[in-house]
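Engineer: Before I ask anything, here is the structure I am working with.
The values are calculated or read from the model by the stated rules, or taken from the named source; none is laboratory data. Keep in mind the model is a prediction, meaning the values are calculated, not measured. Cβ coordinates were reconstructed from backbone atoms using ideal geometry, including for glycine residues, and neighbour counts include every protein chain displayed. Remember, those area values only see protein heavy atoms, side chains included, never the ligands or the DNA or RNA. Shrake-Rupley method; radii C 1.70, N 1.55, O 1.52, S 1.80 Å.
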Amino acid sequence: MWRIGLTYFLVWRRKAKKSIPLGDGWWGHGQQTLRDDNKIYPFKVETSEDEINDLHRRIDQMRYTEPLEDCGFQYGFNSNYLQKVVSYWRNQFDWKKQVAKLNEYPHFKTNIEGLDVHFVHVRAPHRPGQKVLPLMLVHGWPGSFFEFYKILPLLTDTKDDLAFEVICPSIPGYGFSEAPHKQGFCSLDAARIFLKLMERLGFNKFYLQGGDWGSLITTNMAQMKPQCVSGLHLNMLAVTKGGVGMLLSLIIGPYLPFLVGFTREDVRRLFPYFEKNVYDLLMESGYMHIQGTKPDTAGCGLNDSPVGLAAYILEKFSTWTDRKNRDLEDGDLEKKYSLDDLLTNVMIYWTTRSIIPSMRFYKENFKTNPQNRVDARYVYPFPNELMHCPLPWARWRFKDIRSYSYMPRGGHFAAFEEPRLLAEDFVKFLRQTYE
């Protein structure tokens, strides 16, 4: 579905009758302290000559393996193109300039459940007659808060009658948020921490938007405190508990789609089902199995080699944007993204040494049978869009869907790739839900 566009699931959850218990946790070192530090501190991204020199030294020591002939990205990141990317990184990429770009928006940290949680907080300029609504945007893997930098001005600095005050947190273990020091930190814990963050910022009603892990975390937030969530907007969703209804729709859908509520677009995206869902899922989910079982082993090399880290991360920005990119030697990586933006995201992982804790998030979420999780009765999303979810399937999990859109183009990293489309779709959704 990446080639033809994104599907957005826009969900209204204010009238939810059930909620997941909020609970509590402690993820810091040692025993829980008796008193929490509720202060919010300004934070600034910084770098140094030593950090840059160390990066360059490690890049210069990289050993490359010649790729197979005419293999494109079918075996992963093509090493011929990788050398071109790394040459740009070593000789032209200006990390100090990108750090200044990161600091264009205000950054903060606050300690929640023993962890220093990082977030970007952008307020809309005051304009007479303009309604400003709070919105949290949550990223996934292998992304970061930086994915939202292009969409932020479209949501905050608008002359429309609606604007947003946007909070973009880093998931604990990602980027500048401290990594959990204890086992078991999953999406439910991230959701609870982000709810506490919004409460600490003074918001008792707000909107949520997420993709990848962000879709699960924001969904969990809505399940935990439905009374606080005015609307939930997702750009990734998959349903795994459809039962007989899903089986019948897969049997009947290709021939009589109207009987099961499918559109022509659903048929085009779903069928042949094995090829477009099962096979592609098997081909593209190897990383998930590694990260869901032995993240520390696989992460050692990535944490030590900046080139290995770049190849591992940037291959996803190629394939998850359009799986046809696997046939191209350069993965069509620079068609939708600039190398500066892509390498800035890589540098956030590199400078914070967060690749291993970000990978651990998979193991913590897959440690037990997902169907037995307290949130399984609602939705369980795979962290990619290889599986299309038609509206009838989405209704099995969300009871009040106000908007469902087939986007004309785009892939997994919606805000990074198509910020205007995502912003326009979110505003359209909000106008259908705002009271």
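Engineer: Among 297-307, 53-63, how do they line up by average Cβ neighbours within 10 Å per residue, starting with the highest?
Structural biologist: Peptide ranking by packing, descending: 297-307, 53-63.
Engineer: Here is a follow-up. Which of the peptides 154-161, 182-189 is most tightly packed, and how do the rest follow, judged by the mean count of other Cβ atoms within 10 Å per residue?
Structural biologist: The peptides rank, most packed first, as 182-189, 154-161.
Engineer: Could I ask something else about it? Count charges around Gly72 for me, please; just the other residues with Cβ under 11 Å from its Cβ, Lys/Arg as +1, Asp/Glu as -1.
Structural biologist: -4
Engineer: While we're here: Kirkwood Rh, Cα Rg: Rg to Rh for the range 197-298?
Structural biologist: With Rh from the inverse mean 1/r over Cα pairs, Rg/Rh is 1.09.
Engineer: Determine the percent antiparallel among the DSSP beta bridges restricted to the chain, to the nearest 5.
Structural biologist: Once the DSSP bridges in the chain are tallied, antiparallel ones form about 60 percent.
Engineer: In whole percent, how big is the carbon plus sulfur part of the accessible area of the chain, probe 1.4 Å, protein atoms only?
Structural biologist: Answer for the chain is 51 percent, counting heavy atoms of protein chains only.
Engineer: Here is a further query. Once the other residues with Cβ under 11 Å from the Cβ of Glu329 are scored (Lys, Arg +1; Asp, Glu -1), what is the net sum?
Structural biologist: -3
Engineer: What aspartates and glutamates could a cross-link reach from Lys324, if we take a straight Cα to Cα line under 15 Å and drop same-chain neighbours fewer than 8 places away?
Structural biologist: List returned: Asp70, Glu275, Asp280, Glu284, Glu315, Asp332, Glu334, Glu385.
Engineer: Where does the chain land at 222 nm, in deg cm²/dmol rounded to the nearest 500, when only DSSP H runs of n ≥ 4 count, each adding -39500 (n - 2.57), divided by all residues?
Structural biologist: -11000 deg cm²/dmol
Engineer: Tell me, what is the 1.4 Å probe accessible area of Glu334, in Å² to the nearest 10?
Structural biologist: 100
Engineer: Take the Cα pairs of the range 58-109, get the Kirkwood Rh, then feed it into Stokes-Einstein at 20 °C and 1.002 mPa s and tell me D in µm²/s.
Structural biologist: Value of D from the Cα-based Kirkwood radius: 157 µm²/s.
Engineer: Quick one: order Arg268, Arg90, Arg323 from most to least accessible surface, probe 1.4 Å.
Structural biologist: If we order Arg268, Arg90, Arg323 from most to least accessible, we get Arg268, Arg90, Arg323.
Engineer: If you restrict to DSSP beta bridges whose two residues both lie in the range 122-252, what percentage is antiparallel, to the nearest 5?
Structural biologist: 5
Engineer: Kirkwood-based Rg over Rh for the range 184-242 (C-alpha set), two decimals?
Structural biologist: Ratio of gyration radius to Kirkwood radius for the range 184-242: 0.98.
Engineer: A follow-up question, please. Which of the three applies to the range 291-376, rounded, prolate or oblate, going by the alpha-carbon gyration tensor with a ≥ b ≥ c and a/c under 1.5 meaning rounded?
Structural biologist: Cα axes put the range 291-376 in the oblate bin.
Engineer: Taking the range 14-122 as the region of interest, what is the percent of Cα-Cα pairs per 10 angstrom bin, listed from the shortest bin to the one with the maximum distance?
Structural biologist: 10, 22, 22, 23, 17, 6, 0
Engineer: In terms of modelled amide H atoms, which long-range or inter-chain residues lie less than 5 Å from the amide H of Ser405?
Structural biologist: Those lying under 5 Å, H to H, from Ser405 are Tyr8, Leu10.
Engineer: Cβ under 14 Å from Glu178's Cβ, Glu178 left aside: what net charge do those residues give with Lys, Arg +1 and Asp, Glu -1?
Structural biologist: Cβ neighbours under 14 Å give a net charge of 0.
Engineer: What do you get for Rg/Rh of the chain when both radii come from the Cα atoms and Rh is the Kirkwood radius?
Structural biologist: Rg divided by Rh gives 0.95.
Engineer: Packing-wise, with mean Cβ within 10 Å as the measure, how do 100-108, 74-82, 210-218, 251-259 rank, highest first?
Structural biologist: Output ranking for 100-108, 74-82, 210-218, 251-259: 210-218, 74-82, 100-108, 251-259.
Engineer: Leaving out ligands and nucleic acids, note down the accessible area per residue over the chain with a 1.4 angstrom probe, in whole Å².
Structural biologist: Here the per-residue accessible area is 43 Å².
Engineer: Show me, bin by bin at 10 Å from 0, the whole-percent P(r) of the range 217-375 based on Cα pairs.
Structural biologist: Taking every Cα pair in the range 217-375, the percentages come to 8, 25, 33, 26, 7, 0.
Engineer: Okay, moving on. Quick one: how many lysine pairs in the range 81-190 have C-alpha atoms under 18 angstrom apart, if they're 8 or more apart or on different chains?
Structural biologist: 4
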